[in-house]
Amino acid sequence: MLLLVLCGTAAAPAAGQSNIGTLRFEAYGGAFFDDLRNERGSGNPGWIGGVRLGLETGYGLLGPERNVRLVLDAARAETDEAGVVTVQDSIDIGFRNEYWLLTGGVEWDVVGGWTGLTLEARGGGAWHQAVVVAADSGFVPGGTPGTTSAAEYDVEPALVVGVSAFHHLSWLLQLRARVEDVIVDPFGEARHSQTLELGLRLVFE
């Protein structure tokens, strides 16, 4: 890690320019604010973690440093203590939400260079599962500790838009902070969940 940071600190990577076919690989994680959270939930955010592969197009939209790249993103998100629902007027059941997100799209560096800003848009699918959590979750009364049950995954279209700020730690390593809006079923109910993420991106020249 130290070697990566020390490499190439003399200048920005070719003033922010990129080569056609250059690959970027990012691992990230952060907070997930779930739209499907029940009003009787804990109110705490969940988590999200994922990986992203990017391919430079070599095209600078509105300027040589405003790079456009194609990206493919795979992520896992989970909201513990998402809420409590009451069945049969007396039994409270707690649940958590689990997601798999697979999306592809574009990134555009609206501000390029050593430090900059990127706009993002992707589309794909969201696999959602509600998992019933027993009393050992800490907020569900009555029930057998240690037991869970899960519904089948629902598959719905998803649209993700976001913005990220980045800074080059070296020629090969980039730090990114990102906020995204995850829209599940964008042409129907359009359920919006938000993320706050921090990632490290490797540049393969």
Do we find a residue being surrounded by fewer than 15 Cβ atoms within 10 Å (Cβ to Cβ), modelled with pLDDT under 80, hydroxyl-bearing (S, T, Y) and in contact with a helix residue (DSSP H, G or I) (Cβ under 8 Å, 6 or more places away or on another chain) anywhere in segment 146-163? no
Single residue of E56, E78, E39 found to be over 18 Å from F204 (Cα atoms) and at pLDDT 85 or above: E78
Which one of V184, V163 is closer than 18 Å to G49 by Cα, among the β-branched types (V, I, T) and without any contact (Cβ under 8 Å) to a residue 60 or more places away in the chain? V163
Taking the conditions exactly as written (in contact with a strand residue (DSSP E or B) (Cβ under 6 Å, 6 or more places away or on another chain), in a strand (DSSP E or B), under 23 Å from G21 (Cβ atoms) and at pLDDT 90 or above), does L202 satisfy them or not? yes
Identify, please: which residue in segment 148-205 is within 19 Å of W127 (Cβ to Cβ) and acidic (D, E) and is, among those, farthest from the chain's Cα centre (by Cα)? E152
Segment 81-107, residues that are modelled with pLDDT under 95, surrounded by fewer than 17 Cβ atoms within 10 Å (Cβ to Cβ) and not hydrophobic (A, V, I, L, M, F, W, C): T86, Q88, D89, S90, D92
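The values are calculated or read from the model by the stated rules, or taken from the named source; none is laboratory data. This is a predicted model, so every value here is computed, not measured. Cβ coordinates were reconstructed from backbone atoms using ideal geometry, including for glycine residues, and neighbour counts include every protein chain displayed.
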